[in-house]
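Asks: Let me give you the structure first, and then I'll get to my questions.
The values are calculated or read from the model by the stated rules, or taken from the named source; none is laboratory data. Everything numeric here is computed off the predicted structure, so don't read it as measured data. Virtual Cβ from ideal backbone geometry, glycine too; neighbours counted across all protein chains shown. Side chains are part of the model used for accessible areas, which takes the heavy atoms of the whole protein and leaves out ligands, DNA and RNA. Shrake-Rupley method; radii C 1.70, N 1.55, O 1.52, S 1.80 Å.
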Amino acid sequence: MTAATDPNRVLIFDTTLRDGEQSPGISLNTAEKLEIAEALARLGVDVIEAGFPIASPGDFEAVQGIARQVEGPVICGLARANPADIDRAWEAIRDSARPRIHTFVSTSDIHIEHQLRSTRADVKGLARASVAQARALCDDVEFSPMDATRADVEFTAEVVALAVAEGATTINIPDTVGYALPDEYARFLTRLYELVPELAGVTLSVHCHDDLGLAVANSLAGVLAGARQVEGAINGIGERAGNASLEEIVMLLHTRGAALGLTCDVATTEIARTSRLVSRLTGYAVQPNKAIVGRNAFAHESGIHQDGVLKERSTYEIMDARTVGLDANSLVLGKHSGRAALRAALEDLGYPIDGATLNAAFKRFKELADKKKQVTALDLEALVTDELREELAGYALDWFDVEASSRRPPHARVGVTTPDGRKVEGAFTGDGPVDAVFRAINAATGIDARLREFRVDAVTGGQDALGEVNVIVELGDPDAAITTGLAGVLAGERVTGAGQAVATDIIEAGGIAYARALSSAVRRAQAAAEAPEAMRAALLATP
Ligand code: KIV
Ligand code: ZN
């Protein structure tokens, strides 16, 4: 039932950078994708689905960069069932030591009739030809019959049998719209095993979406029915309600592995750090009560629970926070710590930096240590990811002034550097100081962006905490042109962009994050302009 050597080992396939990145408002640049891929390799996932290379030049570059630099996991590129997609995916991943092409075509009649405007016979032809083409290029080929759980199981079995005959090494059964119930999903897989006995010779994989909150339950049902690869995304991000949460699957196997008779080979202590990185770079917050990685996932509030845990942990705890690496909030440095101590602490945290980057991080650390008595590992991690962020050509906030009072509306002035290096200034009187800064940035750049989301989180507790701000902006209006030269692209369309920043002053963090969000939205609009027509909707997806 599996291509892995141990029949009880479940392979962990991470799609944070592909399906996860399709979440509304997320737009990671190549450096950010590489940083996440390195974190996933440290986590020890078996497969990283690095992206959809044909989608845009940026996607291609990121997948190729990951394939060339990230060692350990299989590096996978997604391709629709057509020759151009498959060639492009192969080009992107071929330099990996362990490349995989993942190709897919829908088998549900709903998709065949309304989306593909095709026939079952054509779908069979596409599946056969695409797997054959991929297999001629690459030894490791995954095939997915998309929307399988709403498709006729007999027809899906015919398509799967063709894919296996053409040499697919993994067959993935997606619950694309998160519609299946756990027992239905298990029965679907069991029936496929009956109809396609050759499935026993390849890895069966599960890919579940969370529209009904069943993604992890369905994945577990699939594994119990014989699947030995689970696809998921860190923090459960992805299309609509997201994908199965990878950390929940991993900790489920880790905690209940004995009962299930299954294992996986993941460095669980890297989970919390990877989750924080993904949240920070995507701008997607983790809900406080989220299983495994939520702030409160290991907190005990009620007196009865606290009393029990103090007497004996196992009274109310089924996992140890240290197992997922949630003990990183220890004090690591103080006001008098020097450059060498910072360098050693950052190395411990997985950021081996030197030279100009270390100098920049040291300057930020000193500024923080002046304001904050205790600098924790979480503070350092937030500072260093902010500092190491590769600034792509975009708008950058140089300075701001805000006059705020309870007697008149706040007035802000800002200075911004534009992507082509010009220094521009703007002013605005807003509803609040943050609003005034954001609108002053609009005035300075001449872009009429609208704020879609604004979130402030404290990196750690305490009054002197570092503030982390996430912003999502929206550009484009069917009636209004924007002055970036993209009006044609955006006519009748809307495009969002996310930005994030950390600082002890939340107005400053907000302004920097807003300028980054604006830059990301403009880059997305430009990428959409360059992308093939069929990919534009996905690239312009709005919440
Ligand atoms: O949900 C889905 O069907 C997918 C496929 C591309 C595997 O993401
Ligand atoms: Zn999916």
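Asks: Where the accessible area of segment 331-387 is counted over protein heavy atoms with a 1.4 Å probe, how much of it, in %, is carbon and sulfur?
Replies: Within segment 331-387, the accessible surface is 52 percent carbon and sulfur.
Asks: Here is a further query. Pop a pseudo-label 7 angstrom from the Cα along the beta-carbon direction at both A360 and D401 and give the gap in nm to one decimal.
Replies: Distance between label points: 2.8 nm.
Asks: Please label the shape of segment 47-188 as rounded, prolate or oblate, based on the square roots a ≥ b ≥ c of the eigenvalues of the alpha-carbon gyration tensor (a/c under 1.5 means rounded; beyond that, a/b larger than b/c means prolate, else oblate).
Replies: It is prolate, given that a/c is not under 1.5 and a/b is the larger ratio.
Asks: While we're here: How much accessible area per residue does segment 331-387 have, in Å², with a 1.4 Å probe?
Replies: For segment 331-387, the solvent-accessible area averages 49 Å² per residue.
Asks: With a 1.4 Å probe and all protein chains left in place, how much of the accessible area of segment 11-282 comes from carbon and sulfur atoms, in whole percent? The partial results should precede the final answer.
Replies: Numbers: 4600 of 8950 Å².
Carbon and sulfur together cover 51 percent of it.
Asks: Using only the Cα atoms, what convex hull volume per residue in Å³ does segment 187-253 have?
Replies: 82 Å³
Asks: Report the net charge of residues surrounding A163, where surrounding means a beta-carbon distance below 13 angstrom and charges are Lys +1, Arg +1, Asp -1, Glu -1.
Replies: Charge balance in the 13 Å sphere: -1.
Asks: Also, I was wondering about something else. Give me the one-decimal nm value for the distance between modelled label points at R68 and D420, 7 Å along each residue's Cα-to-Cβ direction.
Replies: A separation of 3.0 nm, rounded to one decimal place.
Asks: Continuing with this model, one more query. For segment 256-300, what is the convex hull volume of its Cα atoms per residue in Å³?
Replies: Residue-normalised Cα hull volume stands at 103 Å³.
Asks: Please work out the FRET efficiency for the pair Q306 and E367, using the Cβ-Cβ distance as r and a Förster radius of 41 Å; give the result to the nearest 0.05.
Replies: 0.65
Asks: Provide the net charge surrounding C76, with neighbours chosen by a C-beta distance below 11 Å and charges set as Lys +1, Arg +1, Asp -1, Glu -1. Don't skip to the answer; put the middle values down first.
Replies: Numbers: positive: R18, R98, R100; negative: D14, D46, E49, D140, E142, E231.
Local net charge: -3.
Asks: Sort largest first and round to whole Å: the equivalent ellipsoid semi-axes of segment 396-530, each the square root of five times a Cα gyration tensor eigenvalue.
Replies: Three semi-axes, in Å: 26, 17, 13.
Asks: If you roll a 1.4 Å probe over the heavy atoms of the protein chains, what accessible area per residue do you get for segment 396-530, in Å²?
Replies: Accessible surface, normalised per residue, equals 44 Å².
Asks: Kindly flag which residue pairs out of K290/K372; K335/K363; K335/K372; K366/K423 have an alpha-carbon separation exceeding 18 Å in this structure.
Replies: K290/K372; K366/K423
Asks: Putting +1 on Lys and Arg Cβ atoms and -1 on Asp and Glu Cβ atoms, find which of L281, A165, S27 reaches farthest to the positive end of the dipole of segment 11-282.
Replies: Among L281, A165, S27, the one farthest towards the positive end of the dipole of segment 11-282 is L281.
Asks: If you take the C-alpha gyration tensor of the chain, multiply each eigenvalue by 5 and take the square root, what semi-axes do you get, largest first, in whole Å?
Replies: Equivalent ellipsoid of the chain: 40, 30, 20 Å, largest first.
Asks: Separate question: Run the dipole for the chain about the Cα centre, Lys and Arg Cβ at +1, Asp and Glu Cβ at -1, nothing else charged, and hand back the magnitude in debye, nearest 20.
Replies: Values: 53 positive and 77 negative charges, 187 e Å.
Dipole of the chain, to the nearest 20 debye: 900 debye.
Asks: Normalise the Debye intensity by I(0) for segment 331-387, one equal point scatterer per Cα, no solvent, then take log10 at q = 0.20, 0.28 Å⁻¹ and round to two decimals.
Replies: Log10 I(q)/I(0), no solvent term: -0.60, -1.30.
Asks: Related question: Tally Lys and Arg at +1 and Asp and Glu at -1 over the other residues with C-beta under 13 Å from the C-beta of E198: what net charge comes out? The partial results should precede the final answer.
Replies: Working: positive: none; negative: E158, E166, E194.
Net local charge, E198 excluded: -3.
Asks: Moving to a separate point now. With every protein chain left in place, what is the accessible area per residue of segment 11-282 in square angstrom, probe 1.4 Å?
Replies: With the other protein chains kept in place, segment 11-282 gives 33 Å² per residue.
Asks: Quick one: if the Förster radius is 35 Å, what FRET efficiency do L181 and A465 give, using the C-beta to C-beta distance and rounding to 0.05?
Replies: Numbers: r = 43 Å, r/R0 = 1.23.
E between L181 and A465, to the nearest 0.05, is 0.20.
Asks: Additional query: Within 10 Å, count the other beta carbons around each residue, average over each peptide in 413-420, 249-256, 190-197, and list them highest first.
Replies: Working: 413-420: 17.5, 249-256: 20.6, 190-197: 15.9.
Packing order, densest peptide first, comes out as 249-256, 413-420, 190-197.
Asks: Compute the orientation-averaged projected area for segment 11-282 from the convex hull of its Cα atoms and round it to one decimal in nm².
Replies: 12.5 nm²
Asks: On to the next question. Starting from the Cα of A165, step 7 Å along the direction of its Cβ; do the same at A341; then give the gap between the two resulting points in nm.
Replies: The modelled label-to-label distance comes out at 7.0 nm.
Asks: What number, rounded to the nearest 500 deg cm²/dmol, is the helix-based mean residue ellipticity at 222 nm of the chain, given -39500 (n - 2.57) per DSSP H run of at least four residues and division by all its residues?
Replies: -12500 deg cm²/dmol, from helical runs alone.
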